[in-house]
Amino acid sequence: MSFDHDFDYGEGNYFSDYDRNSEISSGIDSEDFSEYGVQELRLPACQCEQAKSSVLSHKDYSREGRLSKHIGGLHDGSVDSSLSVDISEDDKLADSQKTIYSEPFMREYGLVRSLLIRAQMKGGKTKGLRQFVNKYFPAVPHVKPAVIQFVTFRQTFIESLHRLSITDEPINLLIIDESESTLAQFSSGLHKHFTSSFAAFQSMMHSAKHLICMDANLGNRTYYSVQRMRRFPPHLHWNQYLWAKEDLFYFTTQIGDWLASLLKAVENSQKIVIPVNVLKDAKLIEHHIRNKFPNKKIGLYSSETLPSTKKEHFNDVDSYWGDLDVLIYTPTVSAGVSYELERFDSVFACFSDNLCNVETCRQMLARVHNIRSHQYFICFRLINECHDLLVTTDSISQLLHDKRSGLYQQITDFALHFEHMVDGNILFYKSNYFYLWLETERLKNLSKNNFMLRFVDQIHYTGAQVNLLPTNGREDITASNKVYRDIKAQLENEHCEAVAGAPDIGRDTALDIWEKMNNEEDVPLTDRLSVKKFNLRGFYYLDEDEKINGDFVKKYSKPAVKSVYDNLEVITHEHSLDNALQKLRGQEYTKYHDILGVYDYDDENHSPPNYTEGRDLMNERKSYITLASNIRNMLSAIKKHLDKFIYEFEVSPLSTRSYGKCMVYRFKNPGEKTVQINIPSLEIRSSSSDTSSTSS
């Protein structure tokens, strides 16, 4: 059992059952892999249906150049920002099923069975809801009150749905606030009781007499979910008024420019808000501001903030945020937390494209309302290089059904129920959740394909003014970049030394700490560092008397290094590359057998797949073809570092003259008594071979 968590890179609680083949990685820079030539699993070009963004090619411009050209296109009208906005299927609704207008105040909501409410942030949706409840569901003395259930995006709320008692008593009104975020939460992979929670949600959706879904970004995901789970057709109430037309947005990809502007704002005594979706960047910014302006009062809220502190502060943000000079927060400050007072002057946000989607990042900007200057300064930290993901539910569904691509596809959601048939095809059970998952994947892929330009388009669509951030002087930018790099190295070294100096703990203590964190109890930072040290020692099989120093933690905590070590450990302990790949095949075959649910669950000797095993395995599922290619690409690096690995880990050398062979195995029929498995093989010849890959 291991409970590894990279506190520098991650955001959130991703502790899980340990599996050496399922290490958790988050937020690492792509260049960490460059020496080893490791490639990501990509779709064949012929299968990629893409939404090409306006007129820009990723290869023709630098990031800043693409950003500048796109903003210019928005200004002169050659780029249509509405193409990047996910809207509900209002054109499919009859006129009697929609109320669309553009007014500075929300009209009264009608009493219909399924009501979808869309309006921009700060549009008064909640105020209108309060009036609706008071009018149609008032509290009357000596009369049994109406049953009103409120489902919100807050993780602690939606993950507690399994605790509800589903009775015959009807729900008079079901309210789903931030409906897009709420539905996305079901696919987050963090549910401890997914099946019962989603079952409760479906029951509420089906049985409620009246339903209201509200979201500023209400789109197809909400529309189709309501259509499938409700007996009554939806009615769309959409106020298209542009409340954000006074807002000014400045965008850049240059961290030095952005940081220099931020420091000038703090120096000029501005009260600023800094939403950041990478914990590492949030800590770096806090450290820099605290050192440069020691008298400023700074608040940082992240996944490392004690749960008791977050609960206390988020329930009274007016008091705790009212006297801050600088407020920094990560996605841990979710929808449902908002500061309404007019205290802060401007917002400086820094977003990576490798973690949250565009809509989530925009939600982060809305945690603080009434910004005095109406100015927002956004820096994009672009890491993701994948721009060819499928962007329609039909194409994603088709990919899952393709028996070869489906086998190699990275399935990242444990709740999808499917199995492999005897002929190699994949059978999916198309439940309500299946279609919800397709919509969620579609939105994720849209963001991954073009995070920066999709973000700018959605801001422009709200009526806000979009501009490129004016550049600062070269000296200021150079100084800011140097400070950024120095602080980044300093914090990394301090973190590594802290891990190395943490107390050594045993398995039982690690289990206790993990249980506390899983239950959202307060866990001191020292204990979390001890868990990280415990994981590191266990991963590399270090004895208790072997010392771990900061340099070791720095070198060997990186997911890329762990992955290389894992592969080397398997490869170099076998006589040939073929044997190594077959050993990996055997290990993963057993796990796929569990994950895909081929057991008869009525058999008392078997139980359904464990959630955490399923999630970890599916997050790391790789193609054997890619694995073989990666191994060959790593051969030069293996030769370069072989002596070092032999000395440190006592592994035997590898013959690099092996061919790689990728075996695609098919499950044996349930009634077969023998262990013989029918094997269609796919041979991948070495790069020196004159012939290409062939199938037999």
Quick one: length gained pulling residue 432 to residue 481 fully straight, 0.36 nm per residue minus the C-alpha distance?
-> 12.8 nm
Please work out how many pairs of lysine residues in the range 86-239 are eight or more positions apart (or on different chains) and have Cα atoms closer than 24 angstrom.
-> 15
Neighbour-count ranking for 526, 471 (other C-beta within 10 angstrom, fewest to most) reads 526, 471
When 330, 392 are ranked with the fewest other C-beta atoms within 10 Å first, the list becomes 392, 330
Taking other Cβ within 10 Å of each residue's Cβ, how do 258, 238, 321 sort, fewest first?
-> 238, 321, 258
Quick one: which residues, 5 or more positions from residue 349 or on another chain, have an amide H under 5 Å from its amide H? H modelled 1.01 Å from N in the peptide plane, none for Pro or chain starts.
-> 377, 378, 379
Using a simple charge model, +1 on the beta-carbon of Lys and Arg, -1 on the beta-carbon of Asp and Glu, nothing else, what dipole does the range 86-239 show about its Cα centre, in debye to the nearest 20?
-> 320 debye
Scattering curve values for the range 62-104, log₁₀ I(q)/I(0), Debye with Cα scatterers, q = 0.13, 0.16, 0.24, 0.28 Å⁻¹ = -0.52, -0.66, -0.88, -0.99
Taking a 22 Å limit on the Cα-Cα distance, which of the listed pairs 280/532; 280/448; 516/547 fall beyond it?
-> 516/547
State the answer as a single residue: which of 250, 295, 272 lies farthest towards the positive end of the charge dipole of the range 240-359, with beta carbon charges of +1 for Lys and Arg and -1 for Asp and Glu, about the Cα centre.
-> 295
Estimated vicinal HN-Hα couplings, Hz - the range 197-208 in sequence order (Karplus 6.51, -1.76, 1.60; Gly, Pro = x) = 5, 5, 4, 5, 4, 4, 5, 5, 4, 6, 8, 4
1/(1 + (r/R0)^6) with r = Cβ-Cβ of residue 83 and residue 541, R0 = 56 Å, i.e. FRET efficiency to nearest 0.05, evaluates to 0.60
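Read-outs throughout are calculated quantities, based only on the coordinates presented, and are distinct from any laboratory measurement. Please read all numbers here as calculations on a predicted model, not as lab measurements. Please note: Cβ atoms are built from the backbone with ideal geometry, for glycine as well, and neighbour counts cover all protein chains shown.
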